[in-house]
Amino acid sequence: MIDMKQIKENVSSKIKNYQAQEETDFTAREARSFSGKTATENRTGSASIGASIRIKGDVTGDENLIIQGQVEGTIRLQGHNVTISKSGKVKANIDANQIIIEGTLEGDMHGDEKVIIRETGHVLGNIVAPRVTLEDGAMFKGSIEMEPRSAATPGKKPMTPSMTGKDTSELKSA
Amino acid sequence: MSLANQAVKQEAGYGMNSPLLSGLLEQISEQDYHEIMDVVPANQGVIDLFSRFRCKLYLPGCLDALRKLDSQVLDTPTKRQRALVKTIGLYKNKKASLDVILLWDLPNYLDKTILSSLVEYLLPHIRKQTLIHCYIHTRQSMPAVPGNYRYIDGKVYVHHPQAETITCPAYYQEVLHRMMAPFTVQRSILLSNGLQEYVLHTR
């Protein structure tokens, strides 16, 4: 005789075990896919764009963001941090508090606090940020402005007064 | 091994005084805004060096790409300018107005036509007071590839990634004037390691 109650309990127990295993696997995968600090940030509530996700358009929000996939457009997370992890590929201008690049970025960055390009980072674009860190091995092509022109004293001043007029007497004779 | 080769080998990884570069950096006012271009691959040393100034730092990272430009292939001014736009780009900033251009020892590794084209390419981005700083090798041979230069605490640290040497073009001042017109030599000093240090300006 079939005991339906027993069957239901067995099935329910197996489903719970399966779900628990799935959660464990997901956490392990997530931990493996990030490096140290970033993984901690992710567990404490950062939003994440997964490696297989492609987004075209504007990304805005009120929390930190970790990008493992591909984004094309603009990213505006003022007051929050954006991390492009190793697998991340971004073609966008980014406006955020702190920007960390471990993957690839083609676009301009405006960091209110700082911009960090890790050794695996590959950046083509311009940076405006008060602090910029470029780790050994990182690739960067573009411009860096730590204090934008508008914040500096207006106008440009010739920088030659004491250089101009010097002779070339120290020249090596040909 | 020839004396010249020995000299070059001794140069691998060392610090040197660079009085003209030090003087040039002292001239950069910390109050005023400047635009500076450095052709070496971007590194933290360059960023730290200029972080005390109010400036926009252009790091086109174009050293290797410029060296590969061949005037035999790029046989017209238009082709050369297109190649330079692609190589340097100035990153969509057509308003770039450079005060200082740091070429380090790059001119030694460019053929004369490409060097002239490079200056021509930069002309819309220069001002009356724009200064170019560079080193010219004056010995018979020079390292096969441009050195990695870092300016730290008043000294320039040079590292040559390869020990191999090649024949040095040994550009003299007149040749430099021709290749880099309208820039002319403002100051020049022969350093003890055989590098001629130049600061060029437009008259």
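The values are calculated or read from the model by the stated rules, or taken from the named source; none is laboratory data. Note that this is a predicted model, so its numbers are computed, not measured. With ideal geometry, Cβ positions are generated from the backbone for all residues, glycine too; neighbour counts draw on all protein chains shown. Ligands, DNA and RNA are stripped out before the accessible areas are found, and what is left, the full protein with its side chains, is counted by its heavy atoms. Shrake-Rupley method; radii C 1.70, N 1.55, O 1.52, S 1.80 Å.
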task = Take segment B:1-18 and flag every residue that is modelled with pLDDT of 85 or more and either loosely packed, with under 14 Cβ neighbours inside 10 Å or touching a Lys or Arg at 6+ places or on another chain (Cβ under 7 Å) (or both).
result = B:GLY15, B:MET16, B:ASN17
query = Based on what the data block shows, is B:ARG139 at pLDDT 90 or above, open to solvent by 10 Å² or more (accessible area, probe 1.4 Å), touching a helix residue (DSSP H, G or I) at 6+ places or on another chain (Cβ under 7 Å) and within 14 Å of chain A (Cβ to nearest Cβ)?
reply = yes
request  = Among the candidates B:GLN81, B:GLN72, single out the residue that is in contact (Cβ under 8 Å) with a residue 24 or more places away in the chain and farther than 20 Å from A:LYS114 by Cβ.
outcome  = B:GLN81
Positions within segment B:172-203 being open to solvent by 10 Å² or more (accessible area, probe 1.4 Å) and of a type in the set (D, E, K, R), in sequence order = B:GLU174, B:ARG178, B:ARG187, B:ARG203
Hits in segment A:106-134 - residues which are open to solvent by less than 60 Å² (accessible area, probe 1.4 Å) and of a type outside the set (A, V, I, L, M, F, W, C) = A:GLY107, A:ASP108, A:GLY111, A:LYS114, A:GLY121, A:GLY125, A:ASN126, A:THR133
request  = Would you check if B:ASP105 is open to solvent by less than 10 Å² (accessible area, probe 1.4 Å), touching a residue at least 40 places away in the same chain (Cβ under 8 Å) and in contact with a Pro (Cβ under 6 Å, 6 or more places away or on another chain)?
outcome  = yes
query = How many residues does segment A:88-105 contain that are surrounded by fewer than 24 Cβ atoms within 10 Å (Cβ to Cβ) and in contact with an Asp or Glu (Cβ under 9 Å, 6 or more places away or on another chain)?
reply = 7
Index of the failed condition, B:GLY89 passing every other in (1) within 12 Å of chain A (Cβ to nearest Cβ); (2) farther than 20 Å from B:PRO41 by Cβ = (2)
ask   = Does at least one position in segment B:104-117 carry a residue that is among the polar types (S, T, N, Q) and more than 25 Å from B:ASP75 (Cα to Cα)?
value = no
query = Does B:GLU35 satisfy being open to solvent by less than 40 Å² (accessible area, probe 1.4 Å) and more than 7 Å from chain A (Cβ to nearest Cβ)?
reply = yes
ask   = Quick one: in segment B:47-80, which of the residues that are more than 14 Å from chain A (Cβ to nearest Cβ) and part of a helix (DSSP H, G or I) is farthest from B:LEU122 (Cα to Cα)?
value = B:LYS68
ask   = Of the conditions (1) open to solvent by 30 Å² or more (accessible area, probe 1.4 Å); (2) more than 22 Å from B:TYR198 (Cβ to Cβ); (3) more than 12 Å from every other protein chain (Cβ to nearest Cβ), B:ALA83 fails just one. Which one is it?
value = (1)
ask   = Any idea how many residues of segment B:158-198 are at the interface with chain A (Cβ under 7 Å from one of its Cβ atoms) and either under 17 Å from B:TYR109 (Cα atoms) or aliphatic (A, V, I, L, M) (or both)?
value = 6
